[in-house]
Amino acid sequence: RVFITGGLGQLGAGLAGLLRRRFGKDNVILSDIKKPPAHVLHSGPFIYADILDYKKLREIVVNHRITWLFHYSALLSAVGEANVALARDVNITGLHNILDVAAEFNVRLFVPSTIGAFGATSPRNPAPDLCIQRPRTIYGVSKVHAELMGEYYHSRYGLDFRCLRYPGIISADSQPGGGTTDYAVQIFHDAAKKGTFECNLKASTRLPMMYISDCLRATLEVMEAPAERLSMRTYNISAMSFTPEELAQAILKHIPDFQITYCVDPLRQAIAESWPMKLDDSNARMDWGWKHDFDLPQLVATMLTFHGASTRFAQAN
Ligand code: VAH
């Protein structure tokens, strides 16, 4: 059975759908510390559980015979900077609980890492798998810690730890929760509903991005990869990199009267400028056959279709 923490978040909710289709809805158990909306409750088992409650985690893993654990509970970039103490508890103490439970009960463990695990002194264009990592957000620091602790538990205790550094993830049917790359989610909603969007990053801010279905497929593929294919335990994965002005140009092809304006948030701008502009994911492509499906035009067409925007571009082609 599969257990997903942070199961109500942008990625946990998306992964639940994929894994429930794959393994059967009763074999995928979600947990979070929020009340699930009705449609989630009816789509499979949900348990209210705080990852800081170590005893509760052990009970869930034992009683539900968990064999795979996907750990999505975390405070992300800008949200973490607004509450460092909570981010440290959830992202570090919570991670320690998950590592200990997974090691004790021989559970295969996936923990997501992020472009945020790199810092301003990392190579940025592109950032390779192995390089200097001195992030300056509690989110990034806690994710470097998660990578190092997971790899240590793998080497010391044989824990089957697997980790992917995600770009900014774009989704239409689940809400993002971090704040720095999330302009690229909100823009589609606003473009379709209002025809205008106010961007909180500079027009030239380049960031690695990925459509959620590529992200979730990569996660399942790396978890199913034979262990002997994995030359590393933490991999970069990438699909595209774009700036707000490039994204706006791609949207204009569908909505010719779309207008973007800019009101830069200094905190988010500083965070974005400390992150890579591109990721080198050649090891993932070589070791376990990673390849992305969605590029920028396909992302835009898919997201605008979901938001019911006029797709003149599609009609014209
Ligand atoms: C954020 N969307 O902006 C999240 C994610 C890599 C970006 O962590 O913090």
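The table below gives the values:
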read-out: Heavy atoms of residue 130 accessible to a 1.4 Å probe, total area in Å² rounded to 10; value: 140 Å²
read-out: Choice from 13, 85, 191 with maximal GNM fluctuation in the chain (Cα, 10 Å cutoff); value: 85
read-out: Which of 92, 251 is most accessible, then next, and so on - probe 1.4 Å; value: 92, 251
read-out: Accessible carbon and sulfur surface of the stretch 231-294 relative to its total accessible area, %, 1.4 Å; value: 54 percent
read-out: Normalised contact order of the stretch 98-198, rounded percent, pairs of Cα under 8 Å and 6 or more residues apart; value: 29 percent
read-out: Residue-by-residue Karplus 3J(HN,Hα) for the stretch 58-71, coefficients 6.51, -1.76, 1.60, Hz, glycine and proline x; value: 4, 4, 5, 5, 6, 5, 9, 6, 6, 10, 10, 10, 10, 9
read-out: Reach of residue 35 by Cα under 24 Å, taken over lysines that are not fewer than 8 positions away in the same chain; value: 25, 55, 56
read-out: Within a Gaussian network of the chain (alpha carbon springs, distance under 10 Å), most fluctuating of 210, 240, 232; value: 232
read-out: D (Stokes-Einstein, µm²/s), Kirkwood Cα radius, the chain, 1.567 mPa s at 4 °C; value: 65 µm²/s
read-out: Amide H partners (placed H, <5 Å) of residue 168, local residues excluded; value: 209, 210
read-out: Distant alpha-carbon pairs in the stretch 211-317 (separation over 22 angstrom), percent; value: 49 percent
read-out: The stretch 79-126 - percent of accessible surface contributed by carbon and sulfur, probe 1.4 Å; value: 52 percent
read-out: For the chain, size of Cβ-based charge dipole, Lys and Arg +1, Asp and Glu -1, in debye; value: 340 debye
read-out: J(HN,Hα) series, the stretch 32-47, from Karplus relation 6.51 cos²θ - 1.76 cosθ + 1.60, nearest Hz, glycine and proline x; value: 6, 10, 10, 7, x, x, 3, 5, 6, 4, 7, 9, x, x, 10, 10
read-out: Under the Karplus curve 6.51 cos²θ - 1.76 cosθ + 1.60, θ = phi - 60°, whole-Hz ³J(HN,Hα) for the stretch 24-29, x wherever Gly or Pro sits; value: x, 5, 6, 9, 10, 10
read-out: Heavy-atom surface of the chain, accessible at 1.4 Å and reported per residue (Å²); value: 43 Å²
read-out: Residue 229 accessible area, 1.4 Å probe, all protein chains in place, Å² to nearest 10; value: 110 Å²
read-out: Area accessible to solvent at residue 231, 1.4 Å probe radius, in Å²; value: 90 Å²
read-out: Antiparallel DSSP beta bridges within the chain, percent to nearest 5; value: 10 percent
read-out: Listed residue (234, 82, 251) projecting farthest to the positive dipole end of the chain, Cβ model; value: 234
read-out: Dipole magnitude of the stretch 160-232, debye to nearest 20 (Cβ charges: Lys/Arg +1, Asp/Glu -1, about Cα centre); value: 280 debye
read-out: Selection from 196, 64, 183 lying farthest towards where the dipole of the chain points positive, charges on Cβ; value: 64
read-out: Coil-residue trypsin sites (Lys or Arg not before Pro) of the stretch 154-226, DSSP, other Cβ within 10 Å capped at 13; value: 194
read-out: Solvent exposure ordering (accessible area, 1.4 Å, most first) of 105, 3; value: 105, 3
read-out: By accessible area with a 1.4 Å probe, ligands and nucleic acids excluded, highest first: order of 72, 157; value: 157, 72
read-out: Residue of 146, 74, 227 that the Gaussian network model of the chain assigns the largest fluctuation, springs spanning Cα pairs under 10 Å; value: 227
read-out: Assigned charges on the beta-carbon of Lys, Arg, Asp, Glu; the stretch 180-317 dipole about Cα centre (debye); value: 180 debye
read-out: 0 to 90° range, to nearest 10: angle between helix 212-224 axis and the chain longest Cα axis; value: 30 degrees
read-out: Cross-link pairs beyond the 22 Å C-alpha cut-off, checked among 193/253; 253/278; 193/278; value: 253/278; 193/278
read-out: Geometric extent, Cα atoms of the stretch 93-229 - Rg, Dmax (angstrom); value: 17.0, 54
read-out: Nearest-ten-degree value, helix 94-104 long axis tilted from longest Cα axis of the chain; value: 40 degrees
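The values are calculated or read from the model by the stated rules, or taken from the named source; none is laboratory data. Keep in mind that this is a model prediction, so the values were computed, not measured. Ideal geometry is used to build each Cβ from the backbone, glycine not excepted, and the neighbour counts take in all protein chains shown. Please note that ligands, DNA and RNA were not included when accessible areas were found on the heavy atoms of the full protein model with its side chains. Shrake-Rupley method; radii C 1.70, N 1.55, O 1.52, S 1.80 Å.
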